[in-house]
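Read through the structure below, which is laid out as C-alpha cells, and then see the notes.
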Amino acid sequence: MENPENKQKVEAKHEVRIHIDRKPYESPTPTTGVALYALAHIPSEKELIREVQGDHEDVPIPRNEDQIHLKMDEHFYSEKEFKIIVNSREKIVTEKELSFAEIVSLACDNPPSGPDILFTITYRKGPHKNPEGSLLEGGIVKIKNGMIFNVTSTNKS
C-alpha cells in the first residue's frame, strides 16, 4: 500500500529546468525571487528578468519571498545582450546605456587622440523615447537591440 506521506513529498518537490543567463538550472516550483537570485548567484546590483514570448515586455523578478510559478525551460536573464551596429560592424553590449566615450571605443580599436581631434556620433533605430539623433561628448544614450551608430573623427585644424 502506498504511503500518503511519501506521495506528498514527491508533489511538493516538483522540479523544473530553467535557464538563467543561458545556463541551465533545476529549481522547485513554485519558488521565490530570493531563491532564483541565490540559485544563479545574481549580484545585488543586477536585476533578474523573466523573458516573455511575443510582443510583450519582459518581466522583472522582485528579490522577495513572493511565490513564482515556473515552467519547464523558461528563460531568465540578469544581463541582456544587445546587438548594435557601430560603423557597419556588429557589436554585442550588455549595458542599457552607453556613453559617448564607450561608443567611440566600440568604433575604433585605437581612437585617434589629440587636441584637434573631434568625434561626431549619430544614431538611428533607437528606443521609442530616443529613436534617432546625435550624441554629444559627455552624453549618454539608451540602447536598443539593432540600434545603428555612425562615428566619425575629424581634425579641427
Original post:
In whole Å, what is the distance between the alpha-carbon centres of the stretch 15-47 and the stretch 66-121?
Top reply: 24 Å
Original post:
With contacts defined as alpha carbon pairs under 8 Å and 6 or more residues apart, what's the relative contact order of the stretch 4-77 in percent?
Top reply: 39 percent
Original post:
Semi-axes of the equivalent ellipsoid of the stretch 82-155: what are they in whole Å, largest first, if each equals the square root of 5 times a C-alpha gyration tensor eigenvalue?
Top reply: 20, 13, 10
**OP:** Let me know the Kirkwood hydrodynamic radius for the stretch 4-77, please, with Cα pairs as the basis and the value in Å to one decimal.
**Re:** 13.0 Å
**OP:** Evaluate the Debye formula for the chain with equal point scatterers sitting on the alpha carbons, no solvent, and hand back log10 of I(q)/I(0) at q = 0.18 Å⁻¹, in q order, two decimals.
**Re:** -1.06
Subject >> Within the chain, helix-based [θ] at 222 nm, where runs of 4 or more DSSP H residues each add -39,500 (n - 2.57), nearest 500 >> reply: -4000 deg cm²/dmol
Original post:
From the backbone phi of the stretch 105-110, what are the Karplus-calculated ³J(HN,Hα) couplings (6.51 cos²θ - 1.76 cosθ + 1.60, θ = phi - 60°) in whole Hz, Gly and Pro given as x?
Top reply: 5, 5, 7, 10, 5, 10
**OP:** Sort the following peptides by mean Cβ neighbour count (other Cβ atoms within 10 Å, averaged over residues), highest first: 81-89, 142-150.
**Re:** 142-150, 81-89
**OP:** Quick one: go through the stretch 86-107 and flag any residue whose amide nitrogen is under 15 Å from the point 7 Å out along the Cα-to-Cβ line of Lys129.
**Re:** 96-98
Original post:
Using alpha-carbon pairs under 8 Å, 6+ residues apart, how would you state the relative contact order of the stretch 82-155 in percent?
Top reply: 43 percent
**OP:** Would you order Asp109, Asp73 from fewest to most other beta-carbon atoms within 10 Å of each residue's own beta-carbon?
**Re:** Asp109, Asp73
**OP:** Quick one: compute the contact order of the chain, relative version, from alpha carbon pairs under 8 angstrom and 6+ residues apart, as a percent.
**Re:** 19 percent
Original post:
Of Ser113, Ser134, Ser27, which is the most mobile in a GNM of the chain whose springs link Cα atoms less than 10 angstrom apart?
Top reply: Ser113
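Throughout, read-outs are computed from the coordinates displayed, never taken from laboratory work. Predicted model, so just to flag it, every value in this text is computed and none were measured. Note that each Cβ is placed from the backbone with ideal geometry, even for glycine, and that neighbours are counted across all protein chains shown.
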